[in-house]
Amino acid sequence: MEERDIVLIERYLAGELTLSERAEVERRAQEEPAFKKEFTEYMMALEAIRLAGREELKNRFRQRDKILDGKSAQVKRFNPGNHFWKLAAGVLIMILLGWLIYKGYQKPYEENIITEVEMDSVIDKNIDTTGSLQNTELRASNEEKKENKKILKTRNKSEELYADNFEPYRDESMEPMARGDEDELSAFEQFELYYWDKNFEKAVAAFESMSESQKQNDNLRFLYANALMGLGKTDKAINILTDIIKNNKSIYKVEANLFLALSYLRVGNESEAKKHLDIYLKDESSEQKEKARKILAGID
Amino acid sequence: MRAEVLLRPSLQHLRLCKMETANQSANALLQSLSGGNMAVLDQLYDAHRDDFLKWAGARFHIKNRDDLLDAWHDTVIMFYEQVRDKKLTHLTCEVKTFLFTIGYRRLLKMFKKNEKTDLVDEFDANINISQSINVIENEDIMEQQQQLLKASIEKLPEKSRQILVLRYMEGKSIPYIMKEMGYESENAVSVTLSRGLKKLKDSLTQRITQ
């Protein structure tokens, strides 16, 4: 088959031919066996592309359903005619104002991180100084510090587990095909390259400059979530991984549970971490069961 | 009496004007969608979804919301493909009416397939589509063939699949794809498209002959 015939068929599939050119292609597809065979095979390929395109449209519409359902739930929930919700809104505003005022008097976060040793010495010092815990204000303050100590202990343990076990997802098939001058690469190719090279800041920037349709692809979003975890942007990663699991169409939907568990560990939420580790371990296709068991043992 | 005679034609005129305006805007919408404006499709989807769900649920006694949503997805996709392939170039009714008719046919087919025979096998009297609209419905491909096609396209690298969909499903031009996907030249796009299409074709042929 000649090259120009292939080009002609491709243009036919793309709807770029004039009416007379189309008629000519259709005539040849009837009368010339070799042309007919090639034409039929290309038409089948077109049908496969259309199926894929329909699936993409369905995914697009599923996203729209989420937006529409979210909006209507909000409207129902926050019905201005409902006195209860007016009251609830007022209470929420008061709480928010109170929190803002409280934050205004708070020291910066870093200054609040007190190690276990320091807290122990503060408690001990107070007990030593007063001799007995008769001062109720001091007793209350020490109780609070003990509670904070417990929370900090849990948080530090979770963070350690995360640090010991987080490794961005990688498999050999992901190795980038395109190398060379980065400026010549597309945003997608740059994302592949930077992710592979663990340059997560650039990977995230490349992802964010991809097209809207690419950014909605759950396979790419999974890798994006990993890159965000690599940068410590765990909250955003949690939202994305949760969505991927819910959508249930990514090839990484199973592995997403492991990474979601790790993300929850990072933010100190052990119960959610355990939940997702259990789900991960129950799935036959999980790739890193050993690691998941180790993390679960670490939490317990 | 004279005033009454004058009133009647003017009410008729108003009704005709309203229909004409609706059709003009429907045809402008078709043109915009045919030119690749997907935001228009999103707007259509959002504007009529809830009405369709309510109507189809009541009309076909369907309680399962996922089934209704599936039907709505298919309806809008079928409409889009008709416009994209330039099989639907003008409307003589409102877009909503046309969409609901497609949805009605789709649901009717679904019921027939499931052997539910309590529905009347004709269009609902309230939906009246002019003969001038040439609606060619998508033919159902056999289940097995669909699986084959899906398996072949899923084997393609993500990027190849994306540009093939952009070109042959969404009808985007090569300059558009070059810009969207960050290619250096139109030639690079053409070559990638050609290769991807050939690879897909060969993969399909291989599967069929196995």
**OP:** Return the residue satisfying two criteria in turn: it lies in the stretch A:36-50 and is out of contact with any Ser or Thr (no Cβ under 9 Å at 6 or more places or on another chain) and open to solvent by 20 Å² or more (accessible area, probe 1.4 Å), and of such residues it is farthest from the other protein chains (Cβ to nearest Cβ).
**Re:** A:36
**OP:** Give B:74, B:67, B:51 a once-over and let me know the one that is at the interface with chain A (Cβ under 10 Å from one of its Cβ atoms), in a helix (DSSP H, G or I) and among the acidic types (Asp, Glu).
**Re:** B:74
Subject >> Selection within the stretch A:205-248 - out of contact with any Pro (no Cβ under 8 Å at 6 or more places or on another chain) and more than 25 Å from residue A:62 (Cβ to Cβ) >> reply: A:205, A:206, A:231, A:232, A:233, A:234
Subject >> Cβ pairs under 7 Å, 6+ apart, first in the stretch B:187-202 and at the interface with another protein chain (Cβ under 9 Å from one of its Cβ atoms) and of a type in the set (Lys, Arg), second open to solvent by less than 30 Å² (accessible area, probe 1.4 Å) and part of a helix (DSSP H, G or I) >> reply: B:201/A:41; B:201/A:42; B:201/A:45
**OP:** Would you confirm whether any residue within the stretch A:22-32 is of a type in the set (Val, Ile, Thr) and away from chain B (no Cβ under 11 Å)?
**Re:** yes
Subject >> Answer from A:190, A:214 - the residue that is of a type outside the set (Ser, Thr, Tyr), buried (at least 23 other Cβ atoms within 10 Å of the Cβ), assigned to a helix (DSSP H, G or I) and facing another protein chain (nearest Cβ under 10 Å) >> reply: A:190
Subject >> Residue that is farthest from residue B:81 (Cα to Cα) [pool: residues in the stretch B:164-174 that are touching a Leu at 6+ places or on another chain (Cβ under 7 Å) and buried (at least 22 other Cβ atoms within 10 Å of the Cβ)] >> reply: B:164
Original post:
Considering the stretch A:276-300 alone, what residues qualify as being under 18 Å from the mean Cα position of the chain (by Cα) and closer than 21 Å to residue A:163 by Cβ?
Top reply: A:276, A:277, A:280
Subject >> Residues located in the stretch B:69-87, provided they are open to solvent by 10 Å² or more (accessible area, probe 1.4 Å) and either more than 24 Å from residue A:13 (Cβ to Cβ) or touching a residue at least 40 places away in the same chain (Cβ under 8 Å) (or both) >> reply: B:69, B:70, B:78, B:82, B:84, B:86, B:87
Original post:
Can you name the condition, by its number, that residue B:177 falls short on among (1) open to solvent by 30 Å² or more (accessible area, probe 1.4 Å); (2) more than 8 Å from chain A (Cβ to nearest Cβ)?
Top reply: (1)
**OP:** Return the pairs, sorted by first residue and then second, in which the second residue is among the hydrophobic types (A, V, I, L, M, F, W, C) and open to solvent by 40 Å² or more (accessible area, probe 1.4 Å), the first residue lies in the stretch A:213-225 and is under 13 Å from residue A:203 (Cα atoms), the beta carbons are less than 9 Å apart, and the residues are 6+ apart or on different chains.
**Re:** A:222/A:251
Original post:
What are the residues in the stretch A:22-35 that are under 13 Å from residue A:10 (Cα atoms) and either at pLDDT 95 or above or basic (Lys, Arg) (or both), if any?
Top reply: A:22
Subject >> helices (runs of 4 or more DSSP H) wholly inside the stretch A:36-145 that include at least 2 residues being of a type in the set (A, V, I, L, M), modelled with pLDDT of 55 or more and over 30 Å from residue B:153 (Cβ atoms) >> reply: A:83-105
Original post:
Looking only at the stretch A:1-35, which residues are closer than 15 Å to residue B:201 by Cα and open to solvent by 80 Å² or more (accessible area, probe 1.4 Å)?
Top reply: A:1
Original post:
Looking at the stretch B:118-138, is at least one residue within 28 Å of residue A:6 (Cβ to Cβ) and modelled with pLDDT under 90?
Top reply: yes
Original post:
Under the condition of being modelled with pLDDT under 75 and aliphatic (A, V, I, L, M), which residue from the stretch A:175-214 is nearest to residue B:157 (Cα to Cα)?
Top reply: A:177
Subject >> Of all residues making up the stretch B:36-71, the number that are over 16 Å from residue A:67 (Cα atoms) and under 14 Å from the mean Cα position of the chain (by Cα) >> reply: 6
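The values are calculated or read from the model by the stated rules, or taken from the named source; none is laboratory data. Predicted model, so just to flag it, every value in this text is computed and none were measured. Note: ideal-geometry Cβ built from the backbone for every residue, glycine included; neighbour counts use all protein chains shown. Just so you know, the surface numbers come from the protein's heavy atoms only, side chains and all, with ligands and any DNA or RNA stripped out. Shrake-Rupley method; radii C 1.70, N 1.55, O 1.52, S 1.80 Å.
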